[in-house]
Amino acid sequence: MKTVYLSLGSNMGNRLALLKRAIQILKEQVDEALCVSPFYETDPVGYVEQDCFVNCAVRLVTALGPLELLAICQSIEEALDRVRVIRWGPRTIDCDIIFFGDLKLSTEQLTVPHPRYKERAFVLAPLLDICIEIELKNTLELALKAVENQNIRMLTHE
C-alpha cells in the first residue's frame, strides 16, 4: 500500500462542481480512504490568458500501481470532457499524480514526483493541508516560501 498525493484543478464551467465530481469518481474507482484539502482559487500559471482555477489536493492509500492510477486520473479527465488544446491552457479538470509513496519514476507516460510541483503554490498549499509525513511537509513548506508571490486564496465556501 502506498500513500499517494494528487493535485486537481479546474478553470472551466462550474469549477467546484467538476472538482467534487472528480473526487467522487476517485472514491468510486480507487475504493480507498481519501483525504481532500480545502479548495483554493488561484491565478493561472504558464498560459495566463485564461480564467482563475479552483484547486485542491487529495491524499489516498492504494495498492494500485502508478500506471494504473494514472489511467484512472486520465479516465476522470476524459469523463469530465478535458480537451488538450493549449499547454497549461483552460481545462474542465486536471488530475495529476504529485507523489506516489517514495517512488521516483521518469517515463514517457509519468514522472513522479511531479517535475514542477515545487514551482506552483496551487499545488503546494493544498498538499500542505493534508500532508502527514513530517519530512515531506518540511519540503513543501520550504518550496511554498519560494513561490509566496503567487496569488492563491482559500475558498471559504464549498
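The table below gives the values:
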| read-out | value |
| --- | --- |
| Qualifying residues in the range 3-17 (those that are among the polar types (S, T, N, Q) and touching a residue at least 24 places away in the same chain (Cβ under 8 Å)) - the one surrounded by the most Cβ atoms within 10 Å (Cβ to Cβ) | 10 |
| Of residues in the range 53-76 being in contact with a helix residue (DSSP H, G or I) (Cβ under 7 Å, 6 or more places away or on another chain), assigned to a strand (DSSP E or B) and not aromatic (Phe, Trp, Tyr), the one most open to solvent (accessible area, probe 1.4 Å) | 59 |
| Given (1) touching a His at 6+ places or on another chain (Cβ under 6 Å); (2) more than 22 Å from residue 64 (Cα to Cα), number of the condition residue 122 does not satisfy | (1) |
| In the range 124-141, the residues that are in a helix (DSSP H, G or I), modelled with pLDDT under 95 and touching a strand residue (DSSP E or B) at 6+ places or on another chain (Cβ under 8 Å) | 136 |
| Residues of the range 92-111 satisfying the condition of being touching a residue at least 12 places away in the same chain (Cβ under 8 Å), more than 23 Å from residue 52 (Cβ to Cβ) and part of a loop (DSSP other than H, G, I, E, B) | 101, 103, 109, 110 |
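The values are calculated or read from the model by the stated rules, or taken from the named source; none is laboratory data. All values derive from a computational prediction rather than experimental measurement. Quick reminder, even Gly has a Cβ in these numbers, built from the backbone with ideal geometry, and neighbours come from all protein chains shown. Surface areas here come from the heavy atoms of the whole protein model, side chains and all, with no ligands, DNA or RNA. Shrake-Rupley method; radii C 1.70, N 1.55, O 1.52, S 1.80 Å.
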